[in-house]
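Contents: one structure, followed by commentary.
The values are calculated or read from the model by the stated rules, or taken from the named source; none is laboratory data. This structure is a prediction, so every number in the text was calculated from the model and none was measured. With ideal geometry, Cβ positions are generated from the backbone for all residues, glycine too; neighbour counts draw on all protein chains shown.
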Amino acid sequence: MGLISNNFKSYAEKWLAGIREITDPAKGLGTVRADAKLVADQRQEVKIKEHTLVCDEPSSLGGSDQGPNPLEFFMSAVGFCENVTFARFAALRGLEFDSLETSVRGHWDRRGQGEWQGVEPVFKDFVVETRIMSNASHDKIREIARTTHMRCPMHASISKIAPVVDKLFVNGTEISL
């Protein structure tokens, strides 16, 4: 058992200690940068540090379907952020698990892109489902899931946009948060 290595705990401890040492709010400000360039009708390349990602729309919208669309990247970012935040706090609190998956859905009114009066293309709600396989107690898993939702920058941000329904499944069974 244990998807996260014992070695990772030391990284998580250093990460948390570094955050706790920040007393000046200006020094605590993080910056994320992505540079997007349109390279074809709807296809884009995004440079993030030394990484290049391809973003595209489906052919039904004039794209070539060579990559996820922008909103799919957005949902992916929420899931990625939730997983890494959960893994850090699991390591710090000694929670071992065999697998961790986060599924994120958001519903938005596409008509807002078409200049309908009074309709905005914003998300109306989100559903975040965390699925974990672990022999740990439900109370311990629940505590780390709650901490994750509070401390994950993406989850904290989407909860400012629209209502978020969080669901937690442990070994295939939904448990209350």
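Determine which member of the set F80, F8, F74, F89 is modelled with pLDDT under 95, under 28 Å from I132 (Cα atoms), under 22 Å from the mean Cα position of the chain (by Cα) and among the aromatic types (F, W, Y). Walk me through how you get there before you give the answer.
On the way: F80 fails: modelled with pLDDT under 95; F74 fails: modelled with pLDDT under 95; F89 fails: modelled with pLDDT under 95.
On inspection, the qualifying residue turns out to be F8.
Name, by its number, the condition in (1) at pLDDT 95 or above; (2) of a type outside the set (S, T, Y); (3) farther than 30 Å from E174 by Cβ; (4) out of contact with any strand residue (DSSP E or B) (no Cβ under 6 Å at 6 or more places or on another chain) that does not hold for D24.
With (1) at pLDDT 95 or above; (2) of a type outside the set (S, T, Y); (3) farther than 30 Å from E174 by Cβ; (4) out of contact with any strand residue (DSSP E or B) (no Cβ under 6 Å at 6 or more places or on another chain) applied to D24, the lone miss is (1).
Here's a check for you: in the range 99-119, which residue that is aliphatic (A, V, I, L, M) and at pLDDT 95 or above is surrounded by the fewest Cβ atoms within 10 Å (Cβ to Cβ)?
Within the range 99-119, the subset aliphatic (A, V, I, L, M) is 100, 104, 119.
Pick out the ones that are also at pLDDT 95 or above and you get 100, 104.
On the way: L100: 18, V104: 22.
Out of the qualifying residues, it is L100.
Conditions: (1) closer than 30 Å to N69 by Cβ; (2) surrounded by 11 or more Cβ atoms within 10 Å (Cβ to Cβ); (3) small (G, A, S). S10 meets all but one. Number of the miss?
Here S10 clears every test but (1).
Tell me, please, whether a residue that is of a type in the set (G, A, S) and under 20 Å from Q113 (Cβ atoms) can be found in the range 50-59. Steps first, please.
If we filter the range 50-59 for residues that are of a type in the set (G, A, S), which is where we start, we get 59.
Keeping just the survivors that are under 20 Å from Q113 (Cβ atoms) gives 59.
The answer is yes; a qualifying residue exists.
Kindly indicate whether E96 is at negative phi and either surrounded by 13 or more Cβ atoms within 10 Å (Cβ to Cβ) or modelled with pLDDT of 95 or more (or both). Give the steps one after another, and end with the answer.
Working: at negative phi: yes; either surrounded by 13 or more Cβ atoms within 10 Å (Cβ to Cβ) or modelled with pLDDT of 95 or more (or both): yes.
Criteria met by E96.
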